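Novice: One structure, as C-alpha cells, below. Some questions next.
Taken together, the values in this text are just the output of simple stated rules run on the coordinates, not laboratory data. Please read all numbers here as calculations on a predicted model, not as lab measurements.
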Amino acid sequence: MRTPPALRFGTVAILHAVARGNRFGFDVMGATGLTSGTVYPALDRLERLRYLTSEWEDAKVAHKERRPPRRYFALTRAGADALADALKRYKSLRPVPLAALAAHAKTTMG
C-alpha cells in the first residue's frame, strides 16, 4: 500500500478545523481564513484519502432555513492519525483531543 504524501499546511489546517468542530465548508473557511477555492477541493481530497467522511443534511432543514443544504464532514481514525502526525511538524496549530474525535466519528458516521 502506498504511503500518502505529507500534508501541506493548508490541508492540515482544514483537518484541524474539522477536528475542532467546524463541520461544513463555510465554517472551515471561517476557521482557517482560506478561500472556497482552497477549502472545497481539499475537503474532497481528504475524503478520497479517507481522512474525512461526509453526509448531506436533510434538504428540508436547509429549505426551512432558506439556504442550500450543507455537507457535514467528520474526522476518521485515519484522519486523526494523519493530523496527529502533521501536528508534530506544524507546531503553530494547537493540539486537539483526537482519540475522542475519532471515536465519535466512528459512532456517528459509520
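Novice: Which length gain, in nm to one decimal place, applies between Glu57 and Arg71 when the Cα-Cα distance is subtracted from 0.36 nm times their residue separation? Each step should come with its number before you reach the end.
Specialist: Working: separation 14, 0.36 × 14 = 5.04 nm, distance 0.62 nm.
Residue separation times 0.36 nm, minus the Cα-Cα distance, leaves 4.4 nm.
Novice: Can you tell me the Rg and the Dmax, both Å, for the Cα atoms in the range 1-84?
Specialist: Both quantities, over Cα of the range 1-84: 13.2, 45 Å.
Novice: With θ taken as phi - 60° and the coefficients 6.51, -1.76 and 1.60, list the Karplus ³J(HN,Hα) couplings across the range 24-36 in order, rounded to whole Hz; mark glycine and proline as x.
Specialist: So the Karplus estimates, Gly and Pro as x, are 10, x, 5, 5, 4, 4, x, 6, 9, x, 8, 7, 4 Hz.
Novice: Also, I was wondering about something else. Grab every C-alpha pair in the range 1-47, bin the distances at 5 angstrom width from 0 up to the longest one, and report whole percents.
Specialist: 5, 24, 37, 20, 9, 5, 2, 0
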